[in-house]
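Okay, so here's the structure we're looking at.
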Amino acid sequence: MLRADVAAAYDARADEYVAKLGSVEQMAPQDREAIESWRDATPGRFLDVGCGPGHWTDTLSADGQRDVVGVDAAARFVSSARERFPHIHFLIADLAAMPVATESVGGVLAWFSIIHAAPAEVPETLGELARVLTPGGSLLLGFFDGDDCEPFDHAVTTAYYWSAAALGELLAHEGFVVEQTVVRQDPGVRRQGRVLATRKR
């Protein structure tokens, strides 16, 4: 379960976050390419989990051609997303207990969405992502790469590093098959990675 203090911390800095990081143009081009490529290769409805102010949700919509729902626990993020992207449906919800039907989406984007979850809470959230995915559905998950479960001072509130190997083990336990892992170090930022996984049929 996402702690209420995490959502409150983002609510308190929502305007600042949207100004600095609220558009796709402000994101790394490698991330945009990866997410767009995954979108184009993934059939069905999308769920953007931890959607923040909705810029990646809008990318998944492909100018309204794809069905996508954004979910975030921070009410001010969802308010901003609804205002900026009125053609998309956004929900306020705990990421570990979403009001989304079982096996109803073909792709889940969880882009740095579990970084603030205490390590003991991460399996519950990954289990929820597995629940909403159709068998054979795809998960694209972004994370900060480092020593497993080591906390660090994120700009908003405490976050945690994970290794791809540790996340892979947790994903396998929740019924996923890891298809690809990419880790990179961009200048001036923390080392980061992404995992592409498929829910077992």
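The values are calculated or read from the model by the stated rules, or taken from the named source; none is laboratory data. Just so it is clear, the model here is predicted, and its values are computed rather than measured. Reconstructed Cβ throughout: ideal geometry from the backbone, glycine too, with neighbour counts over all protein chains shown.
Check region 41-60 and report whether any residue there is over 21 Å from L171 (Cβ atoms), out of contact with any strand residue (DSSP E or B) (no Cβ under 7 Å at 6 or more places or on another chain) and of a type in the set (A, V, I, L, M, F, W, C). No - not one qualifying residue is present in region 41-60. Look at (1) under 22 Å from L171 (Cβ atoms); (2) touching a strand residue (DSSP E or B) at 6+ places or on another chain (Cβ under 9 Å); (3) not hydroxyl-bearing (S, T, Y) and you find that R131 fails only one, number (2). For region 1-118, the helices (runs of 4 or more DSSP H) that sit wholly inside it and include 3 or more residues that are surrounded by fewer than 21 Cβ atoms within 10 Å (Cβ to Cβ) are 4-12, 14-21, 29-41, 75-84. Are any of the residues in region 35-51 modelled with pLDDT of 95 or more, of a type in the set (K, R) and closer than 25 Å to R191 by Cβ? Yes, region 35-51 contains at least one residue that is modelled with pLDDT of 95 or more, of a type in the set (K, R) and closer than 25 Å to R191 by Cβ. Exactly one residue out of D94, D147, D153, D67 is more than 26 Å from V182 (Cβ to Cβ) and modelled with pLDDT under 95, and it is D94.
If you go through region 122-156 and keep only what is in a loop (DSSP other than H, G, I, E, B), of a type in the set (A, V, I, L, M, F, W, C) and exposed (fewer than 14 other Cβ atoms within 10 Å of the Cβ), you end up with just A155. Among the residues making up region 170-189, a single one is surrounded by 14 or more Cβ atoms within 10 Å (Cβ to Cβ) and among the charged types (D, E, K, R): E174.
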